[in-house]
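The values are calculated or read from the model by the stated rules, or taken from the named source; none is laboratory data. Since we're looking at a predicted model, the values are computed, not measured. Cβ atoms come from the backbone with ideal geometry, glycine included; neighbour counts cover every protein chain shown.
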Amino acid sequence: MSLFQLDAGREWRGGQRQSFFLTRELMRAGYPVHFYVQPASPLFERAREAGLPAVPLRTRSEVDLGAVLRLAAAMKMRRCRLAHFHDAHSLAVGSAAAALAKVPIRIISRRVDFPIRSNALSRKKYTRDIDRIIAISDGVRRVLVEGGIDRRLITVVPSGIDFTPYEEAAESDYLHRELGFTQDDFLVGIVAHLADHKGHTYLIRATRLLKEQAPRIKVVIVGDGPLRLDLDRQVRQDGVSDMVFFLGFREDVPRLLGSLDLFVLSSKLEGMGTSIMDAMASRLPVVATRVGGIPEVVEDGRTGLLVPPQDPESLADAILRLYRDRKLAARLGGKGYDVVHEKFSAQSMAGRIIREYERIADKKVIALKA
């Protein structure tokens, strides 16, 4: 008898971190769990290093029949009682396999606030034989309901983070030494996939507005993605090559955050933004956009500053305000640290999902432990 966690992500991003944390906490709680992930992916490697029961399952697309059949066979052999799908590919492949294997409990995690297509086939994917959709924020739940999903099927469980990497003393000059910044430079950072919905283009436009007023501001962009070349071209065209620095994908994010003075998230769509939680755990003040689930993490004027999305002028004004008012910046950073520790731990996230598992199992009279 076992529980299956499925994540077909090929990268190490917010969603993969959440499935990793949940699987780890299920193991600690004594649940018989198997973690099906893409072979040779960062998630697979990290899971193996952490001693999690990672099983490689190559999923090439949402219509990978071979993956469906292999997974269904494993579900039957290991008497799967609950399957939790953490992304679109694992949902498509996993739900088909679960149907063949007659898995009695099926759960979906929804982490993005992209609109669901209004056609019946799309809605069916999220509702047919699904016992619960776990949305990471009220913003995500709202988009699901607007897409035609019955709100009674949805439970909100905020994402969580592991505070351990942020509890060690950070080197405040780590980035200064790497990139040759001076102590007078004010480092503004963003950690996000270089994709359109993350709004990097508006941050670069805001930097152009800041150049004359605060040339000591340096914008550090951490992450990789399909827009890298376009954004690099924009930086050159806007004349801010001396202010914007691309670091690519990094494994040392906690140390990078420890070097920053301010964290920014410029998204125009955002399910929740776990990178904001990482920044708050590092005691950083936050400037973010008022979209999706972000206002559920950042309270304007109390734990950070919120601005309208796709608005470079407002973004520049908020950055400049905290650059000039370091006491306010420190106060926001301190309060953000308190709030994220109180509300957004990985243990709290996993505990709430496990309780949801048990509630569904009790209704169906299904045991989840031997």
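Among the strands (runs of 3 or more DSSP E) lying completely within the range 29-120, list those that include at least 2 residues that are closer than 25 Å to Leu269 by Cα, assigned by TED's automatic domain parsing to the domain that holds Ile294 and touching a Lys or Arg at 6+ places or on another chain (Cβ under 9 Å).
Values: elements: 33-37, 54-56, 80-85, 105-110.
Fully inside the range 29-120 and qualifying: nothing.
Residues are listed down the side, and each one gets a yes or a no for (1) in a helix (DSSP H, G or I); (2) closer than 26 Å to Arg324 by Cβ; (3) of a type in the set (Ser, Thr, Tyr):
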site: Pro226; (1), (2), (3): no, no, no
site: Asp230; (1), (2), (3): yes, no, no
site: Val240; (1), (2), (3): no, yes, no
site: Glu251; (1), (2), (3): no, no, no
site: Leu256; (1), (2), (3): yes, yes, no
site: Lys268; (1), (2), (3): no, no, no
site: Ser275; (1), (2), (3): yes, yes, yes
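Of Leu269, Leu260, which residue is over 17 Å from the mean Cα position of the chain (by Cα) and either modelled with pLDDT of 95 or more or more than 15 Å from Thr303 (Cα to Cα) (or both)? I'd like the intermediate steps shown before the answer.
On the way: Leu269 fails: over 17 Å from the mean Cα position of the chain (by Cα).
Being over 17 Å from the mean Cα position of the chain (by Cα) and either modelled with pLDDT of 95 or more or more than 15 Å from Thr303 (Cα to Cα) (or both) holds for just one of Leu269, Leu260, which is Leu260.
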Run down Ile161, Ile204 and say which single residue is buried (at least 21 other Cβ atoms within 10 Å of the Cβ) and within 30 Å of Leu22 (Cβ to Cβ).
-> Ile161
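Have a look at Val112, Val157 and point out the one that is out of contact with any strand residue (DSSP E or B) (no Cβ under 7 Å at 6 or more places or on another chain) and under 28 Å from Thr289 (Cα atoms).
Details: Val157 fails: out of contact with any strand residue (DSSP E or B) (no Cβ under 7 Å at 6 or more places or on another chain).
From the options Val112, Val157, the qualifying one is Val112.
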Output for Cβ contacts, cut-off 9 Å, separation at least six or different chains, first residue within 19 Å of Ile154 (Cβ to Cβ) in the range 357-370, second in a loop (DSSP other than H, G, I, E, B) and not hydrophobic (A, V, I, L, M, F, W, C), reads Tyr357/Tyr31; Ile360/Asp131; Ala361/Pro104; Lys363/Asp131; Lys364/Pro104; Lys364/Asp131
Please identify the pairs in which a residue from the range 194-211 that is under 13 Å from Asp238 (Cα atoms) and in the same structural domain as Ile294 (by TED's automatic domain parsing) has its Cβ atom under 7 Å from the Cβ atom of a residue that is among the hydroxyl-bearing types (Ser, Thr, Tyr) and buried (at least 22 other Cβ atoms within 10 Å of the Cβ), counting only partners at least 6 apart or on another chain.
-> Tyr202/Ser266; Leu203/Ser266
